[in-house]
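First up is the structure itself, then whatever we jot down about it.
The values are calculated or read from the model by the stated rules, or taken from the named source; none is laboratory data. Model, not experiment: these values are computed from the prediction. Here Cβ is always computed from backbone atoms with ideal geometry, including for glycine, and neighbour counts include all displayed protein chains.
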Amino acid sequence: MRNRKVATPSLYATLLCLFSIATSHQALAASDRSEQRQHYRNAMHAIERGPADAWKPYVVDLADYPLLPYLELALLERGNATPSTAQVQAFNTRWPDTLVARTLTETTLRALADKSNWPAFRSLWVDSQAIDLRCAHQRARIAAGEKPTYAEDIESLWMQPRPTPSMCEPLFTWARQNGELDDAEIWKRIEAAAEAANPGTVSTISSLFDASDRAAAQRIAASVRDPAGALAKAGSWTDTPRNRDAVSLGMYRYARKNSAAAEALWDKLESKFSWTPQQKNRVVNAIAIYRATNYGDDALARLKALPDDAQDDTSREWRVRVALAKLDWNETLAALDAMEPEQLADARWRYLRARMLSKLGRDAEAAPEFAAVASEANFHGFLAADWIKAPYSICPSTINADKAAEQAMAVQPDLARAFEFYAMGELTPARREWSFALTKFDAQEKLLAADLAYRNDWYDRPIFLLSSDSDTLTYYEQRFPLAQRPRVTRVAREVGVDPAWSYAIIRAESAWMSDARSHADAYGLMQLLPSVANKVAKSAKLPYSKPSDLFEPGLNIQLGTMFLGQMARQYQGSPWLASAAYNAGGVPVGRWLGARPDLEPDFFIETIPYKETRDYVARVLAFSVLYDWRLNGKVIPLATRLPKIGQPYKAPKDDAQRKAVVCAAPATTAANPQGGD
């Protein structure tokens, strides 16, 4: 960034007056902000593009406006100016402990580090979680004659599986040259990066080795990056520990892509190297698991034949799935009983165990296991309750707070900035301010913040916050909002699907984040691909011209629910099959149906090869129950949402028979949240 003349102190006179007033004012309610909001936009536009003093008329009523520090930041950086250290320090004094001050400080620190201006860097340094700045701080210490140590100062920066920031590379070079980074630590990081499938990191840090070790590390990188290409040369490699690592890691990656080819190659390589148990187990475990995902005839035998020390949770659960796909109830029960206790404690496996006991005529043993799982408010808990004809157990928690606490949260400065950005539709800075605010809150304050966001129609924030902790899962009102209710209900009924299912798809796809965009280029609340949206919009004669249109919630819900109706019709109305296709696409679902057409729906769902789709279907169906309860007080039994393959299904009507929902334990409050999803 090149230096330009920065604004003179006199240019700040108006703002400085406002800053002093701002500290004595509380934020106005959002409903009173419309005029200030427009003045802020005008002032920001004038600072960025207008004449020198064009911004001044717009700021006279912004003394208590939450985003006032952003105006000063824009003024400070006007014309790509580089603020001086003194200006940054003055800004931090006026806006202490704010995200905007931290952002300015970290931006300035990076500029100073790029110029190796270490004295100025140290004068401005504040602790940071950013890896590149922490590396720069250690480099500044070295420039000042200090000597960082590996254990205290470097290890946490070094042991990152992700690629190394360029700012860190001189620090690691110094550590290597000064005896603070030995071969063992370099290999430890290479192993971690290879396990995390980051060959670029392996390649980069291999430069710290001499020629022999560098070549060995590069072979590991190549095996992770292109296992087929690297392993084709492995027959000529010498039998060294590092070459064995390269083969073992490469075989693991290769098996994921082509288990049959990996097994054929393993037959050639196994006898050429002196494997450690860990190296060999990695290979045989991967081949067995990824052969199992294709449900080959020999998959079950391979999994059972794995040595005990080659078994892990993944191989044990795939043994269950393969036995289930074969309709072998005795073998499925044996596979479940072979699981470790911690793994078997999951509701998924306890439910399947009860189902196997029932299949084998051991109903007296199955009943208490069904009952135990039925106490949980999740997919398998709801299914278990249906098997024993019990009501669903859903125990909602409520967030209780006195008025003073609510008012204090409403004017908390960081949250006020978050909500103001949200009100203006600037969602990225809104989320950044929200996350910054949460770092200052205790558990009770986070609940109040979540409820405040919910009551201000900012639904994705409470969903993410309250779904990340097992202690807050029972705040169902905030986690399953009935947003856009008239539209969701109307469109769902028009296309013949249950509104609760449409709600569940929205919740599972985007968690109500209206600007969500996936790596697959899906957009908005229902994560629509532009090609799909365009086709649906044309057939329905709805306005749609570009992908960003899908960020508009109303249009996204309209198009997404219409597409959901189309998917349902392809699968005779079946919500669970249509949900699988919504996530994975019709081609894989067709392949699975062709391979396992006789499985009962709950068993079929468990045998879906894609973990993402397997979990997605279960999540959507559980969410359908919770939304049905939120909409109607009672619920359509989950079992009825699982028609057998080939059996037609129609969405329930308003007068459909629903089952009761009870709370087996007292409802909790904000002071003592508990329960699960």
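Just a few scattered comments:
- Scope the stretch 481-522; condition aromatic (F, W, Y) and either in a helix (DSSP H, G or I) or surrounded by fewer than 22 Cβ atoms within 10 Å (Cβ to Cβ) (or both); matching residues: W501, Y503
- Meets criteria (hydroxyl-bearing (S, T, Y), assigned by TED's automatic domain parsing to the domain that holds M562 and without any contact (Cβ under 8 Å) to a residue 12 or more places away in the chain) for S468: no
- Failed criterion for D598 (all others in (1) assigned to a helix (DSSP H, G or I); (2) touching a residue at least 12 places away in the same chain (Cβ under 8 Å) hold): (1)
- Matching residues, the stretch 186-214, being surrounded by fewer than 18 Cβ atoms within 10 Å (Cβ to Cβ) and aliphatic (A, V, I, L, M): A192, A196, A197, A211
- Some residue of the stretch 338-349 being within 16 Å of D386 (Cα to Cα) and either modelled with pLDDT of 95 or more or of a type outside the set (A, V, I, L, M, F, W, C) (or both): yes
- Residue tally, condition touching a helix residue (DSSP H, G or I) at 6+ places or on another chain (Cβ under 6 Å) and touching a residue at least 40 places away in the same chain (Cβ under 8 Å), over the stretch 165-196: 2
- Residue in the stretch 363-377 that is within 30 Å of S259 (Cα to Cα), more than 33 Å from the chain's Cα centre (by Cα) and modelled with pLDDT of 95 or more present: no
- Restricting the stretch 216-256 to residues that are crowded, with 17+ Cβ neighbours inside 10 Å and hydroxyl-bearing (S, T, Y), the residue that is nearest to Q278 (Cα to Cα): S248
- Any chance T398 is under 25 Å from the mean Cα position of the chain (by Cα) and within 22 Å of L448 (Cα to Cα): no
- Among the residues of the stretch 522-548, those that are among the hydroxyl-bearing types (S, T, Y) and over 12 Å from Q558 (Cα atoms) comprise Y523, S531, S539, S545, S548.
- A count restricted to the stretch 326-344 and to residues that are surrounded by fewer than 22 Cβ atoms within 10 Å (Cβ to Cβ) and assigned to a helix (DSSP H, G or I) stands at 10.
Let's see how each residue does on (1) in a helix (DSSP H, G or I); (2) surrounded by fewer than 21 Cβ atoms within 10 Å (Cβ to Cβ); (3) free of Cβ contacts under 8 Å to residues at least 12 places away in the same chain; (4) not basic (K, R):
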| site | (1), (2), (3), (4) |
| --- | --- |
| S271 | yes, yes, yes, yes |
| W275 | no, yes, no, yes |
| A288 | yes, no, no, yes |
| Y295 | no, yes, no, yes |
| L300 | yes, no, no, yes |
| K304 | yes, yes, no, no |
| D309 | yes, yes, no, yes |
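- Between L621, L642, L638, L626, the distinction of being buried (at least 20 other Cβ atoms within 10 Å of the Cβ), at pLDDT 95 or above and over 27 Å from D469 (Cβ atoms) belongs to L642 only.
- Selection within the stretch 508-537 - polar (S, T, N, Q) and out of contact with any Pro (no Cβ under 7 Å at 6 or more places or on another chain): S510, S518, Q527, S531, N534
- Enumeration of residues in the stretch 328-383 that are polar (S, T, N, Q) and over 18 Å from S470 (Cβ atoms): N330, T332, S358
Every residue, every condition in (1) in the same structural domain as S468 (by TED's automatic domain parsing); (2) of a type in the set (A, V, I, L, M, F, W, C); (3) farther than 24 Å from F551 by Cβ, yes or no:
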{"position": "E426", "(1), (2), (3)": "yes, no, no"}
{"position": "L447", "(1), (2), (3)": "yes, yes, yes"}
{"position": "D451", "(1), (2), (3)": "yes, no, yes"}
{"position": "N456", "(1), (2), (3)": "yes, no, no"}
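- Taken across the stretch 63-81, residues that are in a helix (DSSP H, G or I), among the polar types (S, T, N, Q) and either surrounded by 20 or more Cβ atoms within 10 Å (Cβ to Cβ) or modelled with pLDDT of 85 or more (or both) do not occur at all.
- Residue within the stretch 115-125 that is among the charged types (D, E, K, R) and surrounded by 20 or more Cβ atoms within 10 Å (Cβ to Cβ) present: no
- When residues of the stretch 167-185 are limited to those that are buried (at least 18 other Cβ atoms within 10 Å of the Cβ) and within 30 Å of the chain's Cα centre (by Cα), the one farthest from W118 (Cα to Cα): C168
- Residue identified as touching a His at 6+ places or on another chain (Cβ under 7 Å), of a type in the set (D, E, K, R) and in a helix (DSSP H, G or I) among R348, R431: R348
- Pair list, Cβ < 8 Å and 6+ apart or interchain, from the stretch 395-424 residues that are in a loop (DSSP other than H, G, I, E, B) to residues that are acidic (D, E): P396/E477; I399/D451; A401/D451
- Subset of the stretch 609-636 [more than 20 Å from F382 (Cα to Cα) and in contact (Cβ under 8 Å) with a residue 12 or more places away in the chain]: P609, Y610, E612
- Residue, surrounded by the most Cβ atoms within 10 Å (Cβ to Cβ), within the stretch 453-469, restricted to residues that are of a type outside the set (K, R) and part of a helix (DSSP H, G or I): P462
- Search result, residues across the stretch 82-112 that are of a type in the set (G, A, S) and either within 21 Å of A430 (Cα to Cα) or not in a helix (DSSP H, G or I) (or both): S84, A101
- Test result for N281, under 31 Å from the mean Cα position of the chain (by Cα) and not in a helix (DSSP H, G or I): no
- Note on the stretch 111-160: residues that are among the aromatic types (F, W, Y) and under 21 Å from E185 (Cβ atoms) amount to 2.
- Among the numbered conditions (1) buried (at least 19 other Cβ atoms within 10 Å of the Cβ); (2) more than 22 Å from the chain's Cα centre (by Cα), the only one that T472 does not meet is (2).
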